[in-house]
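The values are calculated or read from the model by the stated rules, or taken from the named source; none is laboratory data. This structure is a prediction, so every number in the text was calculated from the model and none was measured. Here Cβ is always computed from backbone atoms with ideal geometry, including for glycine, and neighbour counts include all displayed protein chains.
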Amino acid sequence: MKKNVRKAIIAGNWKMNKTRPEAKALLDELKPLVADVKGVEIVACVPFTNLETALAAAEGTNIKIGAENCHFEKSGAFTGEISADMLAEMGVEYVVLGHSERRQYFNETDETVNKRTKAALAAGLKPIVCVGELLWERECNITEEVIARQIKLDFFAISKEDVKKCVIAYEPVWAIGTGKTATADQAEEVCAFIRAQLAKLYDNDTAESITIQYGGSMNAKNAEDLVSKTNVDGGLIGGASLKAPDFTTIIKAAENG
Ligand code: 13P
């Protein structure tokens, strides 16, 4: 990994898990385990209801807190939604956008991912924008076409300065929650492809500075192999981020990666 040019980021995506007491317990367990970690940004992206608890638990530590989505409008009649400003005001730093579960179950499109990314940036949040192909798309040999389209649309009309504040997570949909991890070579191939697309849309320096994570059944056993790859700058971790010792092992792998 090119640690001299870009930051390794290990982010947990808790998804719809953990009550407030459980969230506090998990972060309290994690804190001492990762207190001495250097050179890796540690993020926990938690359900909206856990944000305040998580921010309090992580205060004064090296753990940053993120949300799992935000709406693209600043305010208004959008029952059940949360704006980027609401998150920023709380002290939330990161927000996951365009996760495949949002695309699959909540009809999110590249257009709304693009709008959400712009709203998050305007509020001062750091978006973690997720892209990835379906199994069927990989089998049809169109992974690169799918990823190129997502990158182009999700970052449409986002400036060079702003894209540098974003993190991209490559999450092949077939690897999420399935126990089927992409091989390190598959992850590297697509992460390098994403970087090449960014170089085309922006420039080489910009592309080289952006953190590109891998996500999809990343765990304590396979993390080292994945993060050792040049273009894999960390991970977005679901299931394994709910277990403090496993999440710590992944973080330490990135420290050495
Ligand atoms: P799993 O690590 O549980 O496969 O989830 C990956 C993911 O979707 C992270 O956003």
Query - Residues located in segment 225-257, provided they are outside any helix (DSSP H, G or I) and farther than 16 Å from C45 by Cα - result: S228, K229, T230, N231, V232, D233, G257
Query raised in the report: Does E145 satisfy the condition of being more than 30 Å from F247 (Cα to Cα) and modelled with pLDDT under 95?
Result: no
Query raised in the report: Taking V146, is it under 22 Å from E188 (Cβ atoms) and within 16 Å of the ligand (Cβ to nearest atom)?
Result: no
Query - Out of E89, E93, E139, sole residue that is at pLDDT below 95 and surrounded by fewer than 22 Cβ atoms within 10 Å (Cβ to Cβ) - result: E139
Report task. Restricting attention to segment 225-247, report how many residues are within 15 Å of the ligand (Cβ to nearest atom) and hydroxyl-bearing (S, T, Y). Result -> 1
Query - Given (1) over 21 Å from E133 (Cα atoms); (2) free of Cβ contacts under 8 Å to residues at least 60 places away in the same chain; (3) within 10 Å of the ligand (Cβ to nearest atom), index of the condition N256 fails - result: (3)
Requested in this report: Hey, can you tell me all the residues within segment 151-189 that are part of a helix (DSSP H, G or I), away from the ligand (no atom under 15 Å from the Cβ) and either under 20 Å from R103 (Cα atoms) or touching a residue at least 60 places away in the same chain (Cβ under 8 Å) (or both)?
Outcome: I151, K152, L153, D154
Requested in this report: Name the single residue, out of those in segment 47-79 being free of Cβ contacts under 8 Å to residues at least 24 places away in the same chain and polar (S, T, N, Q), that is farthest from A122 (Cα to Cα).
Outcome: T79
Query raised in the report: Within segment 48-62, is there a residue that is touching a strand residue (DSSP E or B) at 6+ places or on another chain (Cβ under 8 Å), of a type in the set (S, T, Y) and loosely packed, with under 15 Cβ neighbours inside 10 Å?
Result: no
Query raised in the report: Taking segment 10-46 as the search range and keeping residues that are free of Cβ contacts under 8 Å to residues at least 60 places away in the same chain and farther than 27 Å from V232 by Cα, which one is surrounded by the most Cβ atoms within 10 Å (Cβ to Cβ)?
Result: A23
Query raised in the report: Residues of segment 195-224 being within 16 Å of the ligand (Cβ to nearest atom), assigned to a helix (DSSP H, G or I) and aliphatic (A, V, I, L, M), which ones?
Result: A223
**Report entry** L236, sole failed condition from (1) buried (at least 24 other Cβ atoms within 10 Å of the Cβ); (2) of a type in the set (A, V, I, L, M, F, W, C); (3) over 16 Å from the mean Cα position of the chain (by Cα)
**Finding:** (3)
**Report entry** Residue selected from segment 4-25 under the condition part of a loop (DSSP other than H, G, I, E, B) and under 26 Å from G98 (Cβ atoms), by the criterion modelled with the lowest pLDDT
**Finding:** V5
